[in-house]
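Heads up: the structure comes next, in structure tokens.
The values are calculated or read from the model by the stated rules, or taken from the named source; none is laboratory data. Nothing here was measured: the structure is a model prediction, and the numbers come from that model. Accessible surface areas use protein heavy atoms only, side chains included; no ligands, DNA or RNA. Shrake-Rupley method; radii C 1.70, N 1.55, O 1.52, S 1.80 Å.
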Amino acid sequence: MVLYDSTPFADPDVDRVQIWNMLVKRDIDAYLALDWGAVADDFLVGGFYGLNAGGKSNPDEWGLAFADLTAYRNEWLRQAEETARTADQPRVRAALFSATTLKHIESQGDVAVAHKKFAGALPNRDGTSTALNWQTLYFCRRHEGRWKIASFVGYMPYDTNAGTSGFFVAASHQHKTAGPYTPAVAVAADARIFVISGQAPLDMDGHVVGTTIAEQSRATLDNCRTQLEAAGCKLSDVFKATVYLTDLANWQAFNTLYREYMSPPYPARTAIQTGLLPGFLVEIEMWAAKR
């Protein structure tokens, strides 16, 4: 099974695997643990610098935010401490991996450029979310046998509609709702659509997993993710979900688990109370779009 925190690159591609682990997995886990020491050796100290694009597309408006590694370390720790205070900790790791994409890495000899993109949201403890929508270019060098970060340009604008995402939020009028869904979405004309059949809380041997709505929802959403990844998609590519519950009294408990897996902009969604096969409390069908 492909895990949500695993590299998209195959093992023979040693350089890209190493760079992905450095810029995604190790960075996220160290950030959430407030452990700068875990990533300190991922940087070239001499000559390091970082630019902040500030969401602007015009390079004349970019600024030298970090003249050395110490300045960057201090800001990295400040942001990590803020996230530790405000983010919903049981959900934040999955949300960060879901929001982060690094599939484009160019390398020539001992130099590489990595295109890291962020599109999603961090769930907060107070029920709100913090949008993540930018891209960063990392300039890396191989030093003493391993890849390290030499410099970067961060917070560059990222138009998710121009990327690999195959859908976007459409204009709509909607009453206030606590539900994690988008009232209307539109699918890009050039997107490929992937549909997965209704997934249930089953293991690979066909046995029902769990007896509570929380246990069954997690197992079912894990199965959805596995099917999507087999088709080259992620949960963030899902534009429509249909949820079948045997009892709508489980609705709030289901939403709690759903928010762990899905980040804004949420898919459009329909919920139906209905009879299901024996032992099932939930079943989920998903539609995804990807360019």
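Summary table below
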{"quantity": "Per-residue SASA entry for Lys103, accessible area with 1.4 Å probe, Å² rounded to 10", "calculated": "110 Å²"}
{"quantity": "Fluctuation leader among Pro90, Pro201, Pro278 - the chain, Gaussian network, Cα springs under 10 angstrom", "calculated": "Pro278"}
{"quantity": "Within the chain, helix-based [θ] at 222 nm, where runs of 4 or more DSSP H residues each add -39,500 (n - 2.57), nearest 500", "calculated": "-7500 deg cm²/dmol"}
{"quantity": "The chain - percent of accessible surface contributed by carbon and sulfur, probe 1.4 Å", "calculated": "53 percent"}
{"quantity": "Ranked order, Glu144, Glu106 - accessible area, probe 1.4 Å, largest first", "calculated": "Glu144, Glu106"}
{"quantity": "0 to 90° range, to nearest 10: angle between helix 69-86 axis and the chain longest Cα axis", "calculated": "20 degrees"}
{"quantity": "Linear extension gain, Thr211 paired with Ala188, 0.36 nm per residue minus alpha-carbon span", "calculated": "4.4 nm"}
{"quantity": "5 angstrom amide H check on Trp134, placed H, neighbours 5+ away", "calculated": "Phe118"}
{"quantity": "Nearest 10 degrees, 0 to 90: helix 89-99 Cα axis against the chain principal axis", "calculated": "70 degrees"}
{"quantity": "Hits among lysines - C-alpha to C-alpha of Lys103 under 25 Å, sequence gap 8 or more where chains match", "calculated": "Lys25, Lys56, Lys116, Lys117, Lys148, Lys234, Lys240, Lys290"}
{"quantity": "Accessible area (Å², per residue) of the chain, counting only protein heavy atoms and a probe of 1.4 Å", "calculated": "50 Å²"}
